[in-house]
1. Distance between Cα centroids, segment 228-258 to segment 377-392: provide it in whole Å.
2. Where the only charges are on Cβ atoms (+1 Lys, Arg; -1 Asp, Glu), what is the dipole of the chain about its Cα centre, to the nearest 20 debye?
3. Can you list residues from other chains, or at least 5 along the same chain, whose modelled amide H is less than 5 Å from the amide H of Ile209?
4. Report, please, the projected area of segment 245-308 averaged over directions, based on the convex hull of its C-alpha atoms, in nm².
5. How long are the three semi-axes of the equivalent ellipsoid for the chain, computed from the Cα gyration tensor as the root of 5 times each eigenvalue, in whole Å, largest first?
6. Could you give the C-alpha radius of gyration of segment 1-93 expressed as a fraction of 2.2 N^0.38 Å, taking N as the number of residues it contains?
7. So how tilted is helix 52-61 from the main axis of the chain? Cα-based, degrees 0 to 90, rounded to 10.
8. Using only C-alpha positions, report the orientation-averaged shadow area of the convex hull of segment 11-150, nm², one decimal.
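Laboratory data are not the source of any read-out in this text; all were calculated from the coordinates shown. Source: prediction; values computed, not measured. For neighbour counting, all protein chains shown are included, and Cβ atoms are generated from backbone atoms with ideal geometry for every residue, glycine included.
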Amino acid sequence: MTSSSDLETTFRSHTPGYWPDSVMEKWDDHKWQLRNRIDSLADLEAHINLSDEERAGVLLAGTKLAMAITPHFFNLIDKDDPNCPIRRQVIPRIEEGWTAPEELSDPCGEDTHMPVPGLVHRYPDRVLFLVTDRCASYCRYCTRSRVVSGVGEQQLETQWEMAFKYLEEHTEVRDVLLSGGDPLLFSDAKLDKILTRLRTIPHIQFIRIGSRIPIFLPQRITPELCTMLKKHHPLFISIHTNHPKELTTEVRDGLVRLAEAGIPLGNQSVLLRGVNDTPEIQKALVHKLLMCRVRPYYLYQCDLITGSSHLRTSVSEGVNIIENLRGHTTGYAIPQYVIDGPGGGGKIPVNPNYVVDSDQSKVTLRNYEGEIFDYPNPSPISEKDLQALQEKAMCGQ
Ligand SMILES: *Cc1c(COP(=O)(O)O)cnc(C)c1O
Ligand code: SF4
């Protein structure tokens with residue numbers, strides 16, 4: 001059940017929350033936010049009451065995917081609600097230690113599509129460039145938890161020069177997606193250098209950055225960052241947010257700064273059990289995103305990452321969410337629901353089925369209200385009708 005407090009539909013600030021008023025002058029400094037992340041059991045227990053499942057989860061996390069939560073994001077946690085949708089995303093639980101039989105450490109088969117360490121070339125004309133393994137906070141369901149945070153089973157060793165050389169040689173690559181980890185953790189100067197280098201490659205038309213920093217660390221979206229990013233257009237940013245509560249006034253202001261720098265914004269959400277697995281929450285989320293000038297882009301079925309069974313839903317729940325959006329709200333608000341084919345199949349769109357039947361002469365469709373409509377295929381014009389038209393045209397001369 002979703003209580004009304006779970007479904008936060010208005011924008012508000014949560015500062016200073018669990019912190020004393022005296023930190024307010026440092027609050028907007030992203031470096032202060034990073035230095036003061038919650039990253040130990042003691043930090044957590046100083047502020048909120050943990051369940052036994054969470055305490056065990058935190059103790060296990062050190063060898064899998066580190067825990068870190070920015071003060072900004074931590075303030076969204078409801079300290080009295082063990083089912084708070086924010087805490088489920090960032091506080092480890094004991095279930096993470098269990099690997100379900102269907103789970104994989106590299107669920108999207110990225111490692112087998114890496115021609116150069118850090119560069120994933122899965123689709124014909126675009127690449128995923130993993131530029132860092134660090135994030136402002138860590139999501140417990142991260143699809144790259146095998147490398148992200150630096151404590152897991154693998155290390156990410158991005159080969160910068162080899163990657164640029166590959167991109168220079170592969171003239172079919174017209175789209176580069178910078179991701180990780182979170183590229184916006186880099187300094188403005190470092191990011192500028194990477195983007196400038198990519199812009200020297202003439203066949204790279206389009207650059208995107210995938211980042212959760214606008215949500216975890218909105219203080220990082222400074223006017224200086226926006227001014228630098230603007231030099232590298234056409235540049236898009238895909239943010240990652242899952243629950244309407246994440247969209248605070250600070251987040252909205254940061255997103256608007258990016259939009260005003262001419263950067264089109266899309267959102268990628270992951271469908272998560274106990275976080276955003278109802279049509280009501282998804283609808284509130286997409287409406288708030290439009291108000292922040294962000295177009296919902298993808299809704300991902302949660303990948304089969306190890307230790308994620310407590311966060312995954314069935315596919316029919318995802319289809320039901322889309323069914324409850326399409327027709328019922330603004331088309332711009334509706335993300336494409338996708339499943340990354342386990343083992344490296346790439347993104348596969350999954351939609352409610354609106355085609356009820358089809359034969360040679362017509363398709364039978366249902367609309368969002370369940371009404372049935374036939375759409376006939378084009379009828380061929382007969383020789384006789386053609387001839388009659390010819391004759392009519394001649395008479396008119
Ligand atoms: C998601 C993804 C992309 C980008 O896909 P789009 O559908 O263009 O957003 C590119 N490469 C890899 C490996 C990806 O997983
Ligand atoms: S921000 Fe992205 S890369 Fe970082 S932990 Fe979350 S899902 Fe993984």
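1. Taking the Cα centre of segment 377-392 as reference, the centre of segment 228-258 is 56 Å away.
2. 1040 debye
3. Here the answer is Leu178, Phe236, Ile237, Ser238, since their amide H atoms fall under 5 Å of that of Ile209.
4. Its average projected convex-hull area is 5.0 nm².
5. For the chain, the semi-axes come out at 41, 27, 22 Å.
6. Rounded to two decimals, the normalised Rg is 1.11.
7. 90 degrees
8. One quarter of the hull surface, i.e. the mean projection, equals 10.9 nm².
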